[in-house]
Amino acid sequence: MTALFDLGGHVALVTGGNGGIGLGMATALAGQGASVAIWGTNPAKNAAAAEQLRAIGNPVLDLVCDVGDHQAVIDGMATVVAELGRIDSCFVNAGVGGQAPSFVGMSEDEWHRVMRVNLDGAFFTAQEAVKQMVAQDPQGGSVVFTPSGSAKYGQQ
């Protein structure tokens, strides 16, 4: 059954890949043979996650990347391609929650922080990944978004 999901030669990028759902995705991808790049903003968490992933035995690249910064995303994509050769799949998973106890109590600055990462960051990441996927040979790839539970349940 494992051969059905063989990802040998596949390069995957997982934003927010240093913990939680992202690290779970990166672990599953590496477990099936993929080379994995993980992005996160916490260098210590990135290093710990990369060490865990390297134990699986496939190439791993960990980068500090703030997906809300378009130039950081452009630079991060270039580094992934330079180090791992291409991007076959991009898991747009990075996200932050609001620090306010409720929507009503959220400050304008907090709103902008959440939107910069969760909305702008998703756009920048997907756009730059697709540019790479179109430019590489052979062309193609997949972009997968991780939605937030807040989309269904909101914040009280």
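The values are calculated or read from the model by the stated rules, or taken from the named source; none is laboratory data. Source: prediction; values computed, not measured. Quick reminder, even Gly has a Cβ in these numbers, built from the backbone with ideal geometry, and neighbours come from all protein chains shown.
Among the residues examined, residue 21 qualifies as under 11 Å from the mean Cα position of the chain (by Cα), in a helix (DSSP H, G or I) and either within 20 Å of residue 124 (Cβ to Cβ) or not basic (Lys, Arg) (or both).
In segment 111-122, the residues that are at negative phi form Cβ pairs under 8 Å with partners that are at pLDDT 95 or above and among the acidic types (Asp, Glu), at six or more places apart or across chains, as follows: 117/66; 121/66.
Yes or no, residue by residue, for (1) at pLDDT 95 or above; (2) within 16 Å of the chain's Cα centre (by Cα); (3) not charged (D, E, K, R):
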{"position": "2", "(1), (2), (3)": "no, no, yes"}
{"position": "7", "(1), (2), (3)": "yes, no, yes"}
{"position": "31", "(1), (2), (3)": "yes, no, yes"}
{"position": "51", "(1), (2), (3)": "yes, no, no"}
{"position": "55", "(1), (2), (3)": "yes, no, yes"}
{"position": "58", "(1), (2), (3)": "yes, no, yes"}
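Note on segment 2-38: residues that are among the aliphatic types (A, V, I, L, M) and under 18 Å from residue 81 (Cα atoms) total 12. Checked against (1) of a type in the set (A, V, I, L, M, F, W, C); (2) touching a residue at least 12 places away in the same chain (Cβ under 8 Å); (3) more than 23 Å from residue 133 (Cβ to Cβ), residue 87 meets all criteria but (3). Looking at 101, 147, just one residue is closer than 22 Å to residue 12 by Cβ and at pLDDT below 90, and that residue is 147.
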